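Peer 1: Provided herewith is a single structure, encoded as C-alpha cells, for subsequent inquiry.
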Ligand SMILES: [Cu+2]
C-alpha cells in the first residue's frame with residue numbers, strides 16, 4: 001500500500017509545532033517585522049499603507065503555518081497576499097506580497113489558534 005508523502009511529513013510538522021527546537025534562542029525579530037512567541041505574534045495589529053508588505057520572522061522555537069484567517073482557521077480573503085499558507089521554521093522570514101487594497105485583514109497560525117494579528121491597510 002502506498003502512503004501519500006504528505007502523511008510522512010505530517011508527524012514532523014506537528015512535532016515542530018508542538019515541541020521547541022533544540023539550540024540557542026533565536027534572535028528577536030527587528031522592528032517593524034512581526035515576531036512570533038510560542039503561541040502569539042509579538043503584536044496584535046500592524047498598519048501598513050497600500051503597496052507595502054509585512055515581514056514575519058519566526059523568532060520562536062516552534063514551527064508556525066500562517067495565512068489569512070482567524071483563530072487557527074484558514075479563510076482566504078480577496079486581495080489578501082497571505083491567502084496561501086506559509087510554513088515558517090525557526091529563524092525563517094516571510095515577506096508577504098504587497099497589500100494593494102485598503103481594509104482590515106486577519107492573519108492566523110493554523111497550528112496555534114491563539115496566534116492572530118490584524119493587518120490594517122490604509123490608502
Ligand atoms: Cu503557530
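Peer 1: Going by the structure shown, is residue 62 outside any loop (DSSP other than H, G, I, E, B), under 30 Å from residue 79 (Cα atoms) and at pLDDT 80 or above?
Peer 2: Answer is no for this residue.
Peer 1: If I filter the stretch 90-106 down to residues being at pLDDT 95 or above and assigned to a loop (DSSP other than H, G, I, E, B), which single residue comes out as nearest to the ligand (Cβ to nearest atom)?
Peer 2: Per the criteria, the residue is 92.
Peer 1: Within 15 Å of the ligand (Cβ to nearest atom), under 11 Å from the mean Cα position of the chain (by Cα) and over 30 Å from residue 123 (Cα atoms), is that true of residue 34?
Peer 2: no
Peer 1: Within the stretch 107-123, work out how many residues are buried (at least 16 other Cβ atoms within 10 Å of the Cβ) and either part of a loop (DSSP other than H, G, I, E, B) or away from the ligand (no atom under 16 Å from the Cβ) (or both).
Peer 2: 6
Peer 1: Is it the case that the stretch 1-20 has a residue that's more than 12 Å from the ligand (Cβ to nearest atom), modelled with pLDDT under 95 and surrounded by 14 or more Cβ atoms within 10 Å (Cβ to Cβ)?
Peer 2: No, that holds for no residue.
Peer 1: Would you point out the residue of the stretch 68-89, among those that are surrounded by 19 or more Cβ atoms within 10 Å (Cβ to Cβ) and assigned to a strand (DSSP E or B), that is farthest from the ligand (Cβ to nearest atom)?
Peer 2: The extreme case among them is 68.
Peer 1: Under 7 Å between Cβ atoms, which residue pairs at least 6 apart in sequence (or on different chains) link something in the stretch 107-123 that is over 15 Å from residue 46 (Cβ atoms) with a partner that is more than 9 Å from the ligand (Cβ to nearest atom) and assigned to a loop (DSSP other than H, G, I, E, B)?
Peer 2: Correct list of pairs: 110/85; 113/71; 123/50; 123/102.
Peer 1: Can you tell me how many residues in the stretch 31-45 are touching a strand residue (DSSP E or B) at 6+ places or on another chain (Cβ under 9 Å) and more than 13 Å from residue 95 (Cβ to Cβ)? Before the answer, list the steps.
Peer 2: If we filter the stretch 31-45 for residues that are touching a strand residue (DSSP E or B) at 6+ places or on another chain (Cβ under 9 Å), which is where we start, we get 32-36, 39-45.
Subsequent filtering for residues that are more than 13 Å from residue 95 (Cβ to Cβ) retains 35-36, 39-45.
Residues meeting the conditions: 9.
The values are calculated or read from the model by the stated rules, or taken from the named source; none is laboratory data. These numbers come from a predicted model, not from an experiment. Glycine also receives a Cβ, built like all others from the backbone with ideal geometry; neighbour counts cover every protein chain displayed.
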